[in-house]
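The values are calculated or read from the model by the stated rules, or taken from the named source; none is laboratory data. Predicted model, so just to flag it, every value in this text is computed and none were measured. Note: ideal-geometry Cβ built from the backbone for every residue, glycine included; neighbour counts use all protein chains shown.
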Amino acid sequence: MTNQRQEEATYRPLFFRLSTKEDKQAFDALFAQDPKIKRHDTIRQQLDELMRISFPGKIWGDAERQAFYAERTGGRGFDEYGVWVYFPWNNNCVHVLDEEEFVRVRTNRNVYKIDFHEIDVLRTKKIGVIGLSVGQSIALTIAMERTCGEIRLADFDDVELSNMNRIRTGIQDLGLNKAIIAARQIAEIDPFINVICYTEGVNDQNIDDFFCKGGKIDVLVEECDGIDVKVQSRLRSRSLRIPVVMDTNDRGMLDIERFDVENERPILHGAVADLERIPSPELAHKLKNLSLDEKVEYLAKFIGMGNVSEEMMRSLGELNRTIVGWPQLASAVVLGGAMVTEACRRILLGKQMPSGRYFVDFEELFREPSIHQ
C-alpha cells in the first residue's frame, strides 16, 4: 500500500453493499475479524423519511408502508438495502440509504432555500480549503449544507491543546493532523462527499494537484497563517480564474476576490502591489524568509489597520512577548463558517456576490438595540 493510500485509510470510510457477493463476503470477514465493531441500523426509519418526502401530505397506513418497503427493497431483506458504512477510526458500522436517496433525504430540509436544481448543481462543485483552524468550521458547515460534492483540505499542522478554544474536536485527537480531523467529521456527516487531504499543506510540490488534479476547484477558501501561501495561492487562483473567499476572524470581516470574472484584478484588493511586481522565483524566496516584523507588516497591509479591532491591534503588539499566536475565538470562527459557506454557495450558483470586503461586526451590531413596540 502506498503512503497516500495508507493516509486515505485514516479518514475514508469503507462501503459494503450486501446485495453483491463480494461485499457480503468482505463484510462478514470484517465482523469475524473484530466482533466488537458497533452496528447502527436505522434503515427503516430512513425509508420512512424517504417515503414522507416522496409523497408530502399523504397519510400512510401500515399496509401501504409495507408495500413501499417491498417495492423499494425488491423483496430482499433490509440488510441488503442501501449501504453499510464502516468508519475504521471509531469502529462504527452504520447502515444508511445509498447515495442518491441519502442525498435526497439529507438535503430535503434545505428546500426551497436551496431548490432541487441548485442541490444538483452544488453536487458537481469542488471547493479547496487551505488552513483547518478557522477552516474547519467552514469545511464542516459546507459539508452540512452540502455546498459541494468534493472538498480538498490542506493543513500541515497537528492539533494542540491550545487549538481547542476554536477547533471542534475531542482531546482524544490531540496530535492528529487538522485536515484529517475535519475529513473524519465530514465523513461521519456525509460519507458520499469526496474528501481529499493534503497533510503537508499546500507547497511548491503539490499546489498543482491541490488546484487541478481530478478537475479544477471551483472556489478557494484561504484560511492559512503563512504569508507566502496567502500570496502564492491567490496568484495561482487568478491564473486559473478561481474565486477566493477568506474570513479574517476579526470584526466578522469577509474577503471576496472574484478572479473568475475579474482576471486582471490585483490580489488582496491591491494592498500588496509591490509583491506582484517581483518575478516568481524571487517572490517565493522573499515570502519564505520574512521576519516576524515583516510578516506583521504584510498582514497589516492585507487587512488594513483601519479594519482591525482594538483587541487584535493589542494582540499584534504582544506577539512573542506575552502571547505566541494570533488570537481566535470560537464564536468568530463559527460566524466565519456561516459567512464563507453563504458566499461560496452564491458564487457557485451564479448569484450576486461581488468582490470586496464585508463586515458582520458584533461591536457595531450590539452597540444600540432597536426595539419597536
**OP:** Consider H40 carefully, then state whether it is under 24 Å from V195 (Cα atoms), touching a residue at least 12 places away in the same chain (Cβ under 8 Å) and in contact with a Cys (Cβ under 8 Å, 6 or more places away or on another chain).
**Re:** yes
Subject >> Failed item, numbered, when E49 is tested on (1) of a type in the set (D, E, K, R); (2) without any contact (Cβ under 8 Å) to a residue 40 or more places away in the chain; (3) assigned to a helix (DSSP H, G or I) >> reply: (2)
Original post:
Counting only residues that are surrounded by fewer than 15 Cβ atoms within 10 Å (Cβ to Cβ) and not in a helix (DSSP H, G or I), which one in segment 189-200 is nearest to the chain's Cα centre (by Cα)?
Top reply: N194
Original post:
Restricting the first residue to segment 72-86 and requiring it to be assigned by TED's automatic domain parsing to the domain that holds A26 and part of a helix (DSSP H, G or I), which pairs with a second residue that is modelled with pLDDT of 95 or more and among the β-branched types (V, I, T) meet a Cβ separation below 6 Å and a spacing of at least six or different chains?
Top reply: F78/I43
Subject >> In segment 90-141, residue nearest to F210 (Cα to Cα) [restricted to those that are surrounded by fewer than 19 Cβ atoms within 10 Å (Cβ to Cβ) and among the aromatic types (F, W, Y)] >> reply: F116
Subject >> Options D255, D247, D218, D293: the member that is in the same structural domain as E200 (by TED's automatic domain parsing), touching a Gly at 6+ places or on another chain (Cβ under 7 Å) and on the phi < 0 side of the Ramachandran plot >> reply: D247
Original post:
So L349 fits all but one of (1) touching a helix residue (DSSP H, G or I) at 6+ places or on another chain (Cβ under 6 Å); (2) modelled with pLDDT under 95; (3) among the aliphatic types (A, V, I, L, M); what number is the exception?
Top reply: (2)
Original post:
Restricting the search to segment 201-224, which residues are assigned to a loop (DSSP other than H, G, I, E, B) and either over 17 Å from the mean Cα position of the chain (by Cα) or free of Cβ contacts under 8 Å to residues at least 40 places away in the same chain (or both)?
Top reply: N203, D204, Q205, N206, K213, G214, G215
Original post:
Do we find that D255 is of a type outside the set (K, R), in a strand (DSSP E or B) and modelled with pLDDT of 95 or more in this structure?
Top reply: yes
Subject >> Out of V244, V221, V159, sole residue that is closer than 20 Å to L275 by Cβ, surrounded by 23 or more Cβ atoms within 10 Å (Cβ to Cβ) and at pLDDT 95 or above >> reply: V244
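Yes/no per residue for (1) part of a helix (DSSP H, G or I); (2) assigned by TED's automatic domain parsing to the domain that holds K24; (3) in contact (Cβ under 8 Å) with a residue 60 or more places away in the chain; (4) more than 21 Å from the chain's Cα centre (by Cα):
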position: E101; (1), (2), (3), (4): yes, yes, no, yes
position: E118; (1), (2), (3), (4): yes, no, yes, no
position: G135; (1), (2), (3), (4): yes, no, yes, no
position: T147; (1), (2), (3), (4): no, no, yes, no
position: G175; (1), (2), (3), (4): no, no, no, no
position: A182; (1), (2), (3), (4): yes, no, no, no
**OP:** Taking S291 as the residue in question, decide whether it is among the hydroxyl-bearing types (S, T, Y) and touching an Asp or Glu at 6+ places or on another chain (Cβ under 6 Å).
**Re:** no
**OP:** May I ask you to verify whether H269 is within 27 Å of the chain's Cα centre (by Cα), in a helix (DSSP H, G or I) and assigned by TED's automatic domain parsing to the domain that holds G336?
**Re:** yes
**OP:** Look through I171, I186, I151 and report the one residue that is farther than 19 Å from V244 by Cα, within 17 Å of the chain's Cα centre (by Cα) and not assigned by TED's automatic domain parsing to the domain that holds R72.
**Re:** I186
Subject >> Count - residues of segment 335-358 that are part of a helix (DSSP H, G or I) and among the hydroxyl-bearing types (S, T, Y) >> reply: 1
Subject >> Filter result for L299 (surrounded by 13 or more Cβ atoms within 10 Å (Cβ to Cβ), at pLDDT below 85 and among the aliphatic types (A, V, I, L, M)) >> reply: yes
Original post:
Considering only segment 290-334, how many residues are of a type outside the set (G, A, S), part of a loop (DSSP other than H, G, I, E, B) and without any contact (Cβ under 8 Å) to a residue 12 or more places away in the chain?
Top reply: 3
